[in-house]
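The structure appears below as structure tokens.
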Amino acid sequence: MGLLRFILAMLVMLSHTGLTLGGLNPGVVSVVVFYAISGYVMSALIGKHFSEAGQAGHFYIDRLARIYPQYLLYAVATAVWFFSVGHTTPFLQHAPSGLEVLNNVLIAPLNFFMFNAADQFTLLPPAWSLGAEVLFYVLAPWLWRFWNTGRFGSLAMWVAFASLAVQALAGLGVLPTDAWGYRLLPGVLWIFMAGMALQRLQISWPTLSHKALWLVPLVAVAAILGLQQQGALGTPYNTEVWLGIGIGLPAIQLLTQVLKLENPTWKAWDQRLGDLSYGIFLNHFFCMWVLDLASPKTAGQWLTLCGSSIALSFISQGFVERPCVAWRQNRRKAWHLARNALKIGS
């Protein structure tokens, strides 16, 4: 899914310059698709490496080693720029307090900016959604383990239904729509879990998983029509959230089960583009601020912004992310070997 993730990251960046498509925010659609991809990938990762009791700690270390290296690199770079230039932005309004520094270090508090005003000093503004993902990581091993347990059915299923109920209340305006329908984990957890469910369906009931290709878009269209009937479709991001769901799950199914890349060259390019996506997602505000291109007007300005973000991501992926990937892989192998040796010894 490398090309898909690259396109999504670019759309997030372009949306932050004010780009809209048909009056809709493509960045919101992309973030929702990222939620589903994250759920899918975490389900596969846990199933392969962290499925047994007592392995949640290993999973958390693995995730920290995935998200923090590039995040800290760009956060520090932004802080150096801010304190050197002294230029304020809507997301860097003043010198930070100790609590605001801690918010940026922990990431998760950034997801609650509507309550704690964390967006007044956020070094990497897109990190509010990374905060939601961090919170999902905390729950993911337990959701995976209790997927098919519970006296009244799957515990995970009830969690997903509860989250979907929050989403419905937000969509109808009973709860603040932007916060609870798009940003906060209680309202979007079910999207992560839909990705997890698709991955498990592909293993257990592959024929059933193919139905996502036509069923999910129909559900998304039905939800959009229902919101329109209730006069809630114009509420910010209702349409984009359901478009993301209607596009994201079928796209994952197509790319992982139908349009499998067999050509080595295409597979290599797909991998490289996917590797660039996280850096682009993190660094584009830094590029916009440093280059003073928050609102590019000419083709040259657009190319400069996009090229700078991609180039920086290429550098940080090669010199920061890649060694961390190798460390994570070697660590998994080491404790897998240690665990197997312990089993044999016992």
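The values are calculated or read from the model by the stated rules, or taken from the named source; none is laboratory data. All figures in this text were calculated on a predicted structure; none of them were measured in a lab. Positions of Cβ are generated from backbone atoms using ideal geometry, with glycine treated the same way; all protein chains shown enter the neighbour counts. What goes into the accessible areas is simple: the full protein's heavy atoms, side chains included, and nothing from ligands, DNA or RNA. Shrake-Rupley method; radii C 1.70, N 1.55, O 1.52, S 1.80 Å.
Report the calculated FRET efficiency for residue 265 and residue 326 (r = Cβ-Cβ distance, R0 = 30 Å), to the nearest 0.05. Working shown, then result.
Details: r = 23 Å, r/R0 = 0.77.
Step by step, r from the Cβ atoms, then E = 0.80.
Any idea which of 131, 323, 248 is furthest toward the positive side of the dipole for the chain, if Lys and Arg beta-carbons carry +1 and Asp and Glu beta-carbons -1?
With unit charges placed on the Cβ atoms, the residue in question is 323.
For Cα pairs less than 8 Å apart in space and 6+ apart in sequence, what is the mean separation divided by the residue count of the stretch 1-91, i.e. the relative contact order in percent?
Relative contact order here is 16 percent.
Using a 1.4 Å probe, how large is the accessible area of residue 304, given in Å² and rounded to the nearest 10?
Counting only protein heavy atoms, the figure is 60 Å².
Would you kindly give the portion of the calculated P(r) for the chain that falls above 39 Å, as a percent of all Cα pairs?
On the way: 8259 of 59685 pairs.
When all Cα pairs of the chain are counted, 14 percent exceed 39 Å.
DSSP H helices in the chain with Cα extent of 18 Å or more along the helix axis and mean Kyte-Doolittle hydropathy at least 0.5?
Numbers: long enough: 2-15 (20 Å, 2.17); 26-49 (34 Å, 1.31); 56-85 (42 Å, 0.72); 127-145 (28 Å, 0.89); 155-171 (24 Å, 1.75); 185-204 (27 Å, 1.15); 212-229 (25 Å, 1.86); 238-253 (23 Å, 0.76); 264-290 (38 Å, 0.04); 299-316 (25 Å, 1.12); 322-345 (35 Å, -0.91).
Taking the DSSP H segments of the chain (at least 18 Å long, mean hydropathy at least 0.5), we get 2-15, 26-49, 56-85, 127-145, 155-171, 185-204, 212-229, 238-253, 299-316.
So how strong a dipole does the stretch 199-295 carry about its Cα centre when Lys and Arg Cβ are +1 and Asp and Glu Cβ are -1, to the nearest 20 debye?
Working: 5 positive and 5 negative charges, 74 e Å.
Taking the Cα centre of the stretch 199-295 as origin, the dipole is about 360 debye.
Do any of 48/260; 211/260; 260/333 go past 23 Å between their Cα atoms, and which?
From 48/260; 211/260; 260/333, over 23 Å: 260/333.
Could you tell me the relative contact order of the stretch 76-131? Use alpha-carbon pairs under 8 Å, at least six residues apart, and round to a whole percent.
Once divided by the residue count of the stretch 76-131, the mean separation gives 37 percent.
Can you tell me the mean projection area, over all orientations, of the convex hull of the stretch 46-130's alpha carbons? Units nm², please.
Averaging across all directions leaves 6.5 nm² for the Cα convex hull.
If you bin every alpha carbon distance in the stretch 164-285 into 10 Å steps from zero, what whole percent lands in each bin?
Per 10 Å bin, starting at zero, the Cα-Cα P(r) for the stretch 164-285 comes out as 12, 33, 33, 18, 3, 0 percent.
Determine, for each peptide in 255-264, 134-143, the mean count of other beta carbons within 10 angstrom over its residues, then list the peptides with the highest first. Let's see the in-between values first.
Numbers: 255-264: 11.4, 134-143: 19.6.
Ranked by mean Cβ neighbours within 10 Å, highest first: 134-143, 255-264.
Under the definition of Cα pairs under 8 Å and six or more residues apart, what whole-number percent is the relative contact order of the chain?
Relative contact order of the chain: 27 percent.
Would you look at the GNM of the chain, springs on alpha carbons closer than 10 Å, and say which of 214, 144, 190 moves the most?
So, out of 214, 144, 190, the one fluctuating most is 214.
Please give the Cα centre distance for the stretch 78-141 versus the stretch 207-285, rounded to the nearest Å.
The two parts, judged by their Cα centres, are 27 Å apart.
Tally up the carbon and sulfur contribution to the accessible surface of the chain as a whole percent, 1.4 Å probe, everything protein left in place.
Numbers: 11460 of 16600 Å².
Roughly 69 percent, rounded to a whole number.
Counting heavy atoms of the protein chains only and a 1.4 Å probe, report the per residue accessible area for the chain as a whole number of Å².
48
Taking 1 over the mean of 1/r across every pair of different Cα atoms in the stretch 1-92, what Kirkwood radius in Å do you get? Each step should come with its number before you reach the end.
Details: mean 1/r = 0.0620 Å⁻¹.
Taking the inverse mean of 1/r over all distinct Cα pairs, the stretch 1-92 comes out at 16.1 Å.
Can you tell me how the stretch 216-346 classifies by the Cα gyration tensor, rounded, prolate or oblate, using a/c under 1.5 as the rounded cut? Before the final figure, lay out the partial values.
Values: a/c = 2.22, a/b = 1.26, b/c = 1.77.
Oblate.
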